[in-house]
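The values are calculated or read from the model by the stated rules, or taken from the named source; none is laboratory data. None of the values given here were measured: they were computed from a predicted structure. Note: ideal-geometry Cβ built from the backbone for every residue, glycine included; neighbour counts use all protein chains shown.
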Amino acid sequence: MFSSVQPDERILVTGGLTGIGAGIVDAFPGRCVVWSRRNGVDLTDEESVATAARGLLAAGSPPFAVVHCVGDFDEVPLLDADLPHYRHMLDSNLTSAFLVVRHVVPALVAAGRGRVILFSAAGASVADAKPRAPLYFAAKAGLSVLARTLALEVAASGVTVNVVAPGIIRHPHSHRVSQDRMAPRVPMGRAGEVRDLLGAIRLLLSEEGAYITGAELVVDGGIGLR
Ligand SMILES: NC(=O)c1ccc[n+]([C@@H]2O[C@H](COP(=O)([O-])OP(=O)(O)OC[C@H]3O[C@@H](n4cnc5c(N)ncnc54)[C@H](OP(=O)(O)O)[C@@H]3O)[C@@H](O)[C@H]2O)c1
(Lines give C-alpha, C1' and ligand atoms only; values in the text may rest on other atoms or scores of the structure.)
Protein backbone atom coordinates (compact mmCIF):
# COMPACT_ATOMS: atom_id res chain seq x y z
CA MET A 1 0.00 0.00 0.00
CA PHE A 2 1.33 3.45 -0.92
CA SER A 3 1.06 6.51 1.22
CA SER A 4 2.09 10.11 0.78
CA VAL A 5 1.51 13.30 2.64
CA GLN A 6 -2.10 14.43 2.27
CA PRO A 7 -3.14 18.09 2.37
CA ASP A 8 -4.55 17.79 5.88
CA GLU A 9 -1.65 15.81 7.37
CA ARG A 10 0.95 17.37 9.56
CA ILE A 11 4.70 17.47 9.12
CA LEU A 12 6.82 17.99 12.22
CA VAL A 13 9.84 20.14 11.35
CA THR A 14 12.43 20.56 14.09
CA GLY A 15 14.50 23.73 13.81
CA GLY A 16 11.93 25.02 11.37
CA LEU A 17 11.99 28.72 12.27
CA THR A 18 15.13 29.56 10.29
CA GLY A 19 17.40 28.21 7.57
CA ILE A 20 16.69 24.93 5.82
CA GLY A 21 13.85 24.03 8.19
CA ALA A 22 12.08 27.33 7.50
CA GLY A 23 12.38 26.68 3.76
CA ILE A 24 10.70 23.31 4.23
CA VAL A 25 7.92 24.89 6.30
CA ASP A 26 7.36 27.45 3.53
CA ALA A 27 7.20 24.66 0.94
CA PHE A 28 4.34 22.93 2.77
CA PRO A 29 2.14 25.85 3.84
CA GLY A 30 -0.31 25.20 6.63
CA ARG A 31 0.91 21.68 7.30
CA CYS A 32 3.94 22.05 9.51
CA VAL A 33 4.32 21.93 13.25
CA VAL A 34 7.62 23.52 14.26
CA TRP A 35 9.70 22.63 17.28
CA SER A 36 12.52 25.03 17.99
CA ARG A 37 14.27 26.50 20.98
CA ARG A 38 12.67 29.83 20.26
CA ASN A 39 9.18 28.38 20.53
CA GLY A 40 10.00 26.48 23.69
CA VAL A 41 11.26 23.07 22.58
CA ASP A 42 14.91 22.23 23.24
CA LEU A 43 15.66 19.18 21.10
CA THR A 44 18.65 18.28 23.26
CA ASP A 45 16.56 18.04 26.43
CA GLU A 46 14.55 14.86 26.90
CA GLU A 47 11.88 16.35 29.14
CA SER A 48 11.34 19.18 26.68
CA VAL A 49 10.98 16.77 23.74
CA ALA A 50 8.78 14.39 25.73
CA THR A 51 6.46 17.23 26.77
CA ALA A 52 6.22 18.55 23.21
CA ALA A 53 5.58 15.04 21.89
CA ARG A 54 2.77 14.45 24.38
CA GLY A 55 1.14 17.71 23.26
CA LEU A 56 1.56 16.91 19.58
CA LEU A 57 0.21 13.40 19.84
CA ALA A 58 -2.70 14.43 22.08
CA ALA A 59 -3.80 16.94 19.45
CA GLY A 60 -4.91 14.32 16.94
CA SER A 61 -3.38 11.60 14.82
CA PRO A 62 0.41 11.53 14.62
CA PRO A 63 2.13 13.63 11.99
CA PHE A 64 2.69 11.93 8.66
CA ALA A 65 6.32 12.97 8.64
CA VAL A 66 9.12 14.13 10.89
CA VAL A 67 11.84 16.27 9.32
CA HIS A 68 14.61 16.77 11.85
CA CYS A 69 16.71 19.79 10.92
CA VAL A 70 18.38 20.72 14.23
CA GLY A 71 22.14 20.26 14.07
CA ASP A 72 24.70 22.95 14.92
CA PHE A 73 27.89 23.31 12.88
CA ASP A 74 31.29 24.47 14.07
CA GLU A 75 34.84 24.24 12.76
CA VAL A 76 37.08 23.35 15.71
CA PRO A 77 40.14 21.09 15.33
CA LEU A 78 40.01 18.04 17.54
CA LEU A 79 42.79 19.05 19.90
CA ASP A 80 41.26 22.51 20.36
CA ALA A 81 37.88 21.09 21.42
CA ASP A 82 36.98 20.78 25.09
CA LEU A 83 34.39 18.49 26.63
CA PRO A 84 31.55 21.05 26.66
CA HIS A 85 32.09 21.63 22.95
CA TYR A 86 32.19 17.90 22.28
CA ARG A 87 28.97 17.42 24.23
CA HIS A 88 27.29 20.30 22.44
CA MET A 89 28.09 18.95 18.97
CA LEU A 90 27.03 15.41 19.88
CA ASP A 91 23.87 16.61 21.64
CA SER A 92 22.86 18.99 18.87
CA ASN A 93 23.48 16.61 15.96
CA LEU A 94 22.97 13.12 17.38
CA THR A 95 21.17 13.15 20.74
CA SER A 96 18.50 15.47 19.33
CA ALA A 97 17.76 12.93 16.58
CA PHE A 98 17.67 10.11 19.11
CA LEU A 99 15.15 12.02 21.24
CA VAL A 100 12.88 12.66 18.25
CA VAL A 101 13.12 9.00 17.32
CA ARG A 102 12.39 7.91 20.86
CA HIS A 103 9.43 10.19 21.53
CA VAL A 104 7.75 10.60 18.13
CA VAL A 105 8.56 7.69 15.84
CA PRO A 106 6.71 5.03 17.90
CA ALA A 107 3.46 6.86 17.11
CA LEU A 108 4.20 6.68 13.38
CA VAL A 109 4.97 2.98 13.71
CA ALA A 110 1.71 2.45 15.59
CA ALA A 111 -0.14 4.30 12.83
CA GLY A 112 1.48 2.02 10.27
CA ARG A 113 2.70 4.79 8.00
CA GLY A 114 4.98 7.77 7.96
CA ARG A 115 8.28 9.28 6.89
CA VAL A 116 11.32 10.24 8.90
CA ILE A 117 13.93 12.52 7.35
CA LEU A 118 17.14 13.30 9.24
CA PHE A 119 19.70 15.89 8.13
CA SER A 120 23.31 14.85 7.89
CA ALA A 121 26.00 16.56 5.80
CA ALA A 122 27.65 15.64 2.51
CA GLY A 123 30.68 13.43 3.11
CA ALA A 124 29.80 12.58 6.72
CA SER A 125 29.19 8.92 6.01
CA VAL A 126 32.55 8.56 4.22
CA ALA A 127 34.91 7.11 6.82
CA ASP A 128 37.91 9.39 6.30
CA ALA A 129 39.49 12.17 8.37
CA LYS A 130 37.43 15.31 8.83
CA PRO A 131 39.99 17.90 9.96
CA ARG A 132 37.69 20.85 9.23
CA ALA A 133 34.91 19.93 11.67
CA PRO A 134 35.72 16.57 13.32
CA LEU A 135 33.08 16.59 16.05
CA TYR A 136 30.34 17.76 13.74
CA PHE A 137 31.15 15.05 11.20
CA ALA A 138 31.56 12.41 13.90
CA ALA A 139 28.07 13.22 15.15
CA LYS A 140 26.65 13.21 11.61
CA ALA A 141 28.32 9.85 10.89
CA GLY A 142 26.61 8.49 14.00
CA LEU A 143 23.35 9.92 12.72
CA SER A 144 23.71 7.90 9.51
CA VAL A 145 24.14 4.69 11.51
CA LEU A 146 21.12 5.57 13.62
CA ALA A 147 19.03 6.32 10.51
CA ARG A 148 19.93 3.13 8.69
CA THR A 149 19.31 1.04 11.79
CA LEU A 150 15.97 2.69 12.44
CA ALA A 151 15.02 2.17 8.79
CA LEU A 152 15.60 -1.54 9.28
CA GLU A 153 13.80 -1.69 12.63
CA VAL A 154 10.63 -0.03 11.35
CA ALA A 155 10.62 -1.18 7.71
CA ALA A 156 7.78 -3.66 8.17
CA SER A 157 5.57 -0.99 9.74
CA GLY A 158 5.37 1.15 6.60
CA VAL A 159 7.49 3.96 8.03
CA THR A 160 10.49 5.02 5.93
CA VAL A 161 13.64 6.59 7.34
CA ASN A 162 16.09 8.49 5.18
CA VAL A 163 18.92 10.96 5.43
CA VAL A 164 19.35 14.12 3.40
CA ALA A 165 22.98 15.21 3.25
CA PRO A 166 23.42 18.77 1.99
CA GLY A 167 26.66 20.33 0.87
CA ILE A 168 26.92 24.12 1.16
CA ILE A 169 23.47 25.63 1.58
CA ARG A 170 23.32 29.38 1.95
CA HIS A 171 20.68 31.15 3.99
CA PRO A 172 20.71 34.27 6.17
CA HIS A 173 22.07 32.40 9.22
CA SER A 174 24.45 29.98 7.52
CA HIS A 175 28.17 29.88 8.29
CA ARG A 176 29.24 32.38 5.67
CA VAL A 177 33.02 32.42 6.31
CA SER A 178 33.30 28.64 6.05
CA GLN A 179 30.94 28.54 3.08
CA ASP A 180 32.83 31.26 1.18
CA ARG A 181 36.02 29.26 1.64
CA MET A 182 34.45 26.01 0.41
CA ALA A 183 32.16 27.31 -2.35
CA PRO A 184 34.87 27.52 -5.08
CA ARG A 185 35.31 23.74 -4.72
CA VAL A 186 31.72 22.95 -5.73
CA PRO A 187 31.93 21.28 -9.18
CA MET A 188 28.58 22.77 -10.21
CA GLY A 189 30.08 26.20 -9.67
CA ARG A 190 27.82 27.60 -6.99
CA ALA A 191 26.75 27.12 -3.40
CA GLY A 192 23.31 25.66 -2.87
CA GLU A 193 20.20 27.41 -1.66
CA VAL A 194 17.46 26.02 0.53
CA ARG A 195 15.25 25.48 -2.51
CA ASP A 196 17.89 23.10 -3.92
CA LEU A 197 16.94 20.65 -1.14
CA LEU A 198 13.22 20.73 -1.74
CA GLY A 199 13.25 18.14 -4.54
CA ALA A 200 14.78 15.57 -2.19
CA ILE A 201 12.29 16.41 0.55
CA ARG A 202 9.29 16.27 -1.78
CA LEU A 203 10.47 12.93 -3.19
CA LEU A 204 10.85 11.38 0.25
CA LEU A 205 7.39 12.61 1.28
CA SER A 206 5.72 11.54 -1.96
CA GLU A 207 3.88 8.39 -2.92
CA GLU A 208 6.61 7.74 -5.48
CA GLY A 209 9.13 7.82 -2.62
CA ALA A 210 7.33 5.27 -0.48
CA TYR A 211 9.79 2.45 -1.26
CA ILE A 212 12.92 4.48 -0.46
CA THR A 213 14.23 3.70 2.98
CA GLY A 214 17.66 3.64 4.60
CA ALA A 215 18.96 5.90 1.84
CA GLU A 216 21.14 8.96 2.00
CA LEU A 217 20.30 11.59 -0.60
CA VAL A 218 23.35 13.78 -1.11
CA VAL A 219 22.43 17.25 -2.37
CA ASP A 220 25.72 19.05 -2.76
CA GLY A 221 26.36 20.19 -6.32
CA GLY A 222 29.03 17.48 -6.50
CA ILE A 223 31.37 18.74 -3.78
CA GLY A 224 31.49 15.26 -2.26
CA LEU A 225 32.95 13.93 -5.52
CA ARG A 226 36.27 15.70 -4.98
N1 LIG B 1 23.35 25.02 5.87
C2 LIG B 1 24.23 24.17 5.39
O3 LIG B 1 25.09 24.52 4.56
C4 LIG B 1 24.25 22.73 5.84
C5 LIG B 1 25.18 21.87 5.25
C6 LIG B 1 25.21 20.54 5.63
C7 LIG B 1 24.31 20.07 6.58
N8 LIG B 1 23.42 20.94 7.15
C9 LIG B 1 22.51 20.39 8.16
O10 LIG B 1 21.18 20.71 7.82
C11 LIG B 1 20.42 20.96 9.01
C12 LIG B 1 19.78 22.33 8.94
O13 LIG B 1 20.82 23.29 8.71
P14 LIG B 1 20.61 24.85 8.84
O15 LIG B 1 21.75 25.48 8.13
O16 LIG B 1 19.23 25.25 8.49
O17 LIG B 1 20.83 25.01 10.42
P18 LIG B 1 20.65 26.30 11.32
O19 LIG B 1 20.69 27.54 10.48
O20 LIG B 1 21.66 26.16 12.40
O21 LIG B 1 19.19 26.17 11.89
C22 LIG B 1 18.90 25.20 12.83
C23 LIG B 1 17.63 25.58 13.57
O24 LIG B 1 17.56 24.69 14.66
C25 LIG B 1 17.20 25.39 15.83
N26 LIG B 1 17.88 24.76 16.94
C27 LIG B 1 19.21 24.65 17.16
N28 LIG B 1 19.44 23.94 18.27
C29 LIG B 1 18.23 23.61 18.78
C30 LIG B 1 17.80 22.88 19.91
N31 LIG B 1 18.68 22.35 20.77
N32 LIG B 1 16.49 22.73 20.11
C33 LIG B 1 15.59 23.27 19.27
N34 LIG B 1 15.92 23.97 18.18
C35 LIG B 1 17.24 24.13 17.93
C36 LIG B 1 17.63 26.83 15.61
O37 LIG B 1 16.64 27.66 16.15
P38 LIG B 1 16.70 28.37 17.57
O39 LIG B 1 17.31 29.70 17.33
O40 LIG B 1 15.27 28.39 18.00
O41 LIG B 1 17.55 27.52 18.49
C42 LIG B 1 17.61 26.98 14.09
O43 LIG B 1 16.40 27.56 13.67
C44 LIG B 1 21.39 20.81 10.18
O45 LIG B 1 21.29 19.51 10.70
C46 LIG B 1 22.75 21.00 9.54
O47 LIG B 1 23.79 20.35 10.24
C48 LIG B 1 23.38 22.25 6.81
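For every residue, the table says whether it meets (1) farther than 25 Å from residue 76 by Cβ; (2) surrounded by fewer than 22 Cβ atoms within 10 Å (Cβ to Cβ); (3) at pLDDT 95 or above.
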residue: 116; (1), (2), (3): yes, no, yes
residue: 143; (1), (2), (3): no, no, yes
residue: 154; (1), (2), (3): yes, yes, yes
residue: 158; (1), (2), (3): yes, yes, yes
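Could you tell me whether residue 128 is within 16 Å of the ligand (Cβ to nearest atom) and acidic (Asp, Glu)?
So residue 128 does not fit the description; no.
Taking segment 108-142, which residues are without any contact (Cβ under 8 Å) to a residue 60 or more places away in the chain, in a helix (DSSP H, G or I) and either in contact with a Phe, Trp or Tyr (Cβ under 6 Å, 6 or more places away or on another chain) or under 23 Å from residue 91 (Cβ atoms) (or both)?
Matches in segment 108-142: 134, 137, 138, 141, 142.
Return the only residue of 49, 25, 34 being β-branched (Val, Ile, Thr) and either over 24 Å from residue 201 (Cα atoms) or in contact (Cβ under 8 Å) with a residue 24 or more places away in the chain (or both).
From the options 49, 25, 34, the qualifying one is 49.
Only residues that are farther than 23 Å from residue 12 by Cβ, crowded, with 16+ Cβ neighbours inside 10 Å and out of contact with any Lys or Arg (no Cβ under 6 Å at 6 or more places or on another chain): list them for segment 184-222, please.
Scanning segment 184-222 gives 186, 192, 218, 220, 221.
If you go through segment 146-156 one residue at a time, do you hit one that is within 16 Å of the ligand (Cβ to nearest atom), in a helix (DSSP H, G or I) and in contact with a Phe, Trp or Tyr (Cβ under 9 Å, 6 or more places away or on another chain)?
There is at least one residue in segment 146-156 that is within 16 Å of the ligand (Cβ to nearest atom), in a helix (DSSP H, G or I) and in contact with a Phe, Trp or Tyr (Cβ under 9 Å, 6 or more places away or on another chain).
State which residue is farthest from residue 24 (Cα to Cα) when the search covers only segment 96-125 and only residues that are within 10 Å of the ligand (Cβ to nearest atom) and of a type in the set (S, T, N, Q).
The selected residue is 96.
In segment 167-197, what residues are more than 22 Å from residue 17 (Cβ to Cβ), among the aliphatic types (A, V, I, L, M) and near the ligand (Cβ under 7 Å from one of its atoms)?
Across segment 167-197, there are no qualifying residues.
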